[in-house]
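Have a look at the structure below, then the notes.
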Amino acid sequence: MITLHGFPFSNYHNIVKHALMAKGLDFEEHITYPGSPELMAVNPLGKVPAMTTEKGATLSESSVLLEYLEDAYPESPLYPADPEQRAGVRRLTKLAELYFDLPARRLLPAVFGNAEIPEATLAEVREGLERGVAGLTALARFDPYVAGDELTMADLYLRYALAIPKIIGPSKLDWDVVAAVPGLGEWDAMMAESEISRKIDADQQANTAEFMAYLQKRAG
Ligand SMILES: N[C@@H](CCC(=O)N[C@@H](CS)C(=O)NCC(=O)O)C(=O)O
């Protein structure tokens, strides 16, 4: 059976968990935190998520795991068959990672650790996010899914890539990502309604105290 290594508070973990569930695959969720010896054994970078495949191979990087799942389990596809449309889904996925999650993530130390963030960093983060907003506004179809009428990996990636912008936007930038892109609010609400999203959100909620305890221990 596939093993997904990580923890349910992690948005990156949840992207891959959602893909496994959407494809109807059997998997075991092995709860482990960044830098743990068990995680280092499957991902030398010590980051979440990682995966042990049915054949015993170890893999990491959320986007790589999504591609692997589609290659190994093409049933219930989450990418279109047409190469251009497939690349379009990958483009949206990249946009979500590079222009929503990654800039916003730079402000997490201010959320979880009360760190002071220099004005210049706040401006850079805002600039990155504005680029994401412009790109998503131009490229998203929301018809009803982000790439058109089928649920794709881009929907899963975007859903969880918005998690940190949703936290740091209002609290650190006086800005609301969901309101910034036409149609994003309706799409986000629709995505949240699915049975899979509800299960993942409930698991995330249930993991909050344990994750906070991990952070405290790590801070020493
Ligand atoms: N590029 C990686 C990012 C994974 C990532 O940053 N995961 C976080 C948890 S949400 C983590 O493990 N952070 C610990 C660290 O950076 O040491 C991916 O797409 O899987």
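Among the residues making up region 57-69, those that are away from the ligand (no atom under 12 Å from the Cβ) and surrounded by fewer than 17 Cβ atoms within 10 Å (Cβ to Cβ) are A57, T58. Total residues in region 87-101 satisfying the condition of being among the hydrophobic types (A, V, I, L, M, F, W, C) and surrounded by fewer than 16 Cβ atoms within 10 Å (Cβ to Cβ): the figure is 2.
With respect to the conditions (1) away from the ligand (no atom under 13 Å from the Cβ); (2) among the basic types (K, R); (3) in contact with a strand residue (DSSP E or B) (Cβ under 7 Å, 6 or more places away or on another chain), K47 lacks only one, and its number is (1). Only one of the numbered conditions (1) surrounded by fewer than 15 Cβ atoms within 10 Å (Cβ to Cβ); (2) within 15 Å of the ligand (Cβ to nearest atom); (3) not aromatic (F, W, Y) is not met by A72, and that is (2). So in region 162-220, with the set limited to residues that are in a loop (DSSP other than H, G, I, E, B) and without any contact (Cβ under 8 Å) to a residue 40 or more places away in the chain, which one is surrounded by the most Cβ atoms within 10 Å (Cβ to Cβ)? My answer is S194. As a summary of the residue check, D143 satisfies the conditions (1) exposed (fewer than 15 other Cβ atoms within 10 Å of the Cβ); (2) assigned to a helix (DSSP H, G or I) except for the one numbered (2).
Here, each number is a calculation from the coordinates, and none is a lab measurement. This is a predicted model, so every value here is computed, not measured. Backbone-built Cβ (ideal geometry, glycine too); neighbour counts: all protein chains shown.
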